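The values are calculated or read from the model by the stated rules, or taken from the named source; none is laboratory data. All values derive from a computational prediction rather than experimental measurement. Here the Cβ positions follow ideal geometry from the backbone for every residue, glycine too, while neighbour counts run over all protein chains shown. Side chains are part of the model used for accessible areas, which takes the heavy atoms of the whole protein and leaves out ligands, DNA and RNA. Shrake-Rupley method; radii C 1.70, N 1.55, O 1.52, S 1.80 Å.
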Amino acid sequence: MALAEIDFLDTFELSNEQRLEIEGLRRSERLERLANWANKDLSEVVGILSESQGVEVVSHEAFDLDRLNSIPLRILHEFHCIPVKEASESENASETLVLATGWPVDEVMDDWVYATCGRRPEWRFANPDRISKFITQNLGVGAESLDESFDIDEDLVGAIEEDEEDEDAAIIRFVNEVFSQAVDDGATDIHFEPMEEELRIRYRIDGLLVSVPVPDNLRKFQDAIVSRLKIMAKLNISERRLPQDGRITMKAGDTTLDIRLSTMPVMYGESISLRLLNKKSSPLSMQQLGMSDLDQEKVDRVLGLPYGIVLVTGPTGSGKSTSLNAFIRKINSEDRRIITVEDPIEYEVPGVNQIQVKQDIGFGFAEALRHVLRQDPNVIMVGEIRDKETADIAIQASLTGHLVFSTLHTNDSAGAITRLTDMGIEPFLIASGVELVIAQRLLRRLCQECYEMKLIDRSAVTDSLKILDLPESSVGSVAELPVVVGCERCRNIGYKGRVGIYEILRVTEALHSPIVNREAAPFLREIGRQGGMVTLGESGWNLACQNMTTLDEVVRTISIKEASD
């Protein structure tokens, strides 16, 4: 460890184990680890670094994109540095290169920069997280792994292993970088899509696909990347004509990922889609899901019942499983035996018996549910009702003293009732067994750091309200609504995270006769509204008025077809 590093670390009370751990981390990770140990903000630790070394701190706005490509990737990544626009303080400014880094420098770094760039470095400090984002955004994720320029001598730096000279090791590092970046960005899916001239990589973030910056030479490594992913999923790498499905369990930093992988032959190779499930992610409470206090009261009343069935409906990716998990955690107690049947198990719930469906061996939802009833459960959660057999068993269980949770793919809450009827379930059983139906969607949450308020165009807002099946009077006294702006925190998108909207239909006495008489969903929905049900459109409009999302986002999520069903 260099003297500059020792002097800096002496400002923190670190154990020998912590010093060794810091030394084993990449330069880009060290300052953040120190900040966590010291319980300080990262920018505050950058200030401590600056003070201890007598080196000025620069902001990310000073990073020099024009000079970025003139510096070898290995220098940028290994030393975690970025060229800066700021003028040199040296008398020989033309022979000096101003660089920003996030960790103390040493003579080895000076020598390597001079040897590869022909100019002596003049150092500044910057937030290492900003440096990482700047490199990834402009050079692509994993660019350093696929760099073919040169290798820094292992004896001088001590950070590059001998096997990293091999292409296989480079591909392994690249794939790991893709996964790590996906976790950092909060992605739920990764797509590798071969095109004629490029291998495109996209993440699904907050429900929408976002293209990932990639190195220019990525197409050259396409086959090796596909093979690496197949090996990780224990698939046949020589089979390229047929689709394959597999599973990967791996660690990305401090995160343990359960990854579902699917391959599909396409025109220019094999397309690979991966669904990321974070085993250690913190599950959300009902309040964090975005439920209002009134909605929570409605749900809580039903969760306290000894039997009945609760259905959560919505399209894929609307957060149904997350809601069911929140309900399970709400009622989990020592005096209740709770068993879940899931595909896949997305969250581990302490004290709950969770069963993984295995369709390939004939152990589906219906088979599992049939055996679960022999396990003396009080509460049963079925991941999804996909067929009549599963629906039959779930309804019967709700009528014989069990509280049952499950999901259906329908547009709204009333549609779940008619879907069960279409499956062949007797209407009188539905009316007796179903206690509550929750239709939900996930809206992108407005970035609270950068949005602006704008005077409404009443005509345009009225048109949007019609799409949401709301009367013009809903505008009321609203004069302003939020609009997106975009900042670095939200990747200049204007949204950060997601929030739920809910339509909660309680199956009351007023609905029993219409259900038994097989009335259509619009009729059931109108009865629900008369009983105080807040529709998805109303819920979304309320969030827009609370500056939690935008009206455009509400309209985008709730389609015209849904609103008119």
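When +1 charges are put on Lys and Arg Cβ atoms and -1 charges on Asp and Glu Cβ atoms, the dipole computed for the chain relative to its Cα centre reaches about 3100 debye. Estimated from the Cβ-Cβ distance and a Förster radius of 22 angstrom, the FRET efficiency linking ARG120 and GLU61 is about 0.35.
With the charge dipole of region 1-136 set up from +1 on Lys and Arg Cβ and -1 on Asp and Glu Cβ about the Cα centre, the Cα lying farthest toward the positive end among the listed residues MET109, LEU34, PRO83 is that of PRO83. Short to long, the 10 Å bins of the Cα pair-distance histogram for region 182-231 hold 25, 50, 25, 0 percent of all pairs. Remark on the chain: ratio of C-alpha radius of gyration to 2.2 N^0.38 Å is 1.15.
For a protection proxy built on the mean count of beta-carbon atoms within 10 angstrom, sort 173-185, 419-431 highest first, please. Numbers along the way, then the final one.
Values: 173-185: 19.2, 419-431: 17.5.
Highest-to-lowest ranking by the protection proxy: 173-185, 419-431.
Can you give the accessible area per residue of region 308-364, in Å², using a 1.4 Å probe? Working shown, then result.
On the way: 2470 Å² over 57 residues.
Heavy-atom accessible area per residue stands at 43 Å².
Taking only the C-alpha atoms of region 179-335, Rg followed by Dmax gives 19.7, 61 Å.
The gain in end-to-end length when the GLN288 to ASN517 segment is fully stretched comes to 78.6 nm, 0.36 nm per residue minus the alpha carbon separation. Taking only the C-alpha atoms of region 164-272, the Rg (one decimal) and the largest Cα-Cα distance, Dmax (whole number), read 13.3, 38 Å. In the chain, helical runs assigned H by DSSP with n ≥ 4 each contribute -39500 (n - 2.57); averaged across all residues and rounded to the nearest 500, the mean residue ellipticity at 222 nm is -11000 deg cm²/dmol. For the chain, the fraction of 1.4 Å probe accessible surface lying on carbon and sulfur atoms is 46 percent.
With coordinates expressed along the principal axes, the C-alpha atoms belonging to region 502-550 extend over 42, 17, 13 Å, beginning with the largest.
Work out the FRET efficiency for ARG200 and ASN492 from their Cβ-Cβ distance, taking R0 = 25 Å, and round it to the nearest 0.05.
With R0 = 25 Å, the Cβ-Cβ based efficiency is 0.80.
In a simple Cβ point-charge model (Lys, Arg +1; Asp, Glu -1; nothing else charged), region 1-123 has a dipole of about 440 debye relative to its Cα centre. Taken over the alpha carbons of region 351-468 as equal point scatterers, the Debye sum produces base-10 log I(q)/I(0) values at 0.18, 0.22 Å⁻¹ of -0.96, -1.33.
Since only SER52, LEU218, LEU73 are under comparison, the one whose Cα sits farthest along the positive direction of the charge dipole of the chain, derived from C-beta charges on Lys, Arg, Asp and Glu, is LEU218. Left without a cysteine partner by the 4.7 Å Cβ rule in the chain: CYS81, CYS117, CYS545.
Given their separation in residues at 0.36 nm each and the Cα-Cα distance between them, GLU17 and PHE363 gain 119.8 nm when the chain is fully extended. Percent of Cα pairs in region 247-320 per distance bin of 10 Å, from zero to the largest separation: 14, 28, 28, 21, 8, 2.
Placing unit charges on each Cβ (+1 for Lys and Arg, -1 for Asp and Glu) gives region 439-565 a dipole about its Cα centre, and among ILE493, SER464, ALA439 the Cα reaching farthest toward its positive end belongs to ILE493. Per-residue packing, averaged as other Cβ atoms within 10 Å, sorts the ranges 44-55, 496-507, 99-110 into the order 496-507, 99-110, 44-55, beginning with the highest.
Between ASP110 and ARG337, the modelled labels are 7.3 nm apart [label points 7 Å from Cα along Cα→Cβ]. The convex hull built on the alpha-carbon positions of region 32-80 has an orientation-averaged projected area of 4.4 nm².
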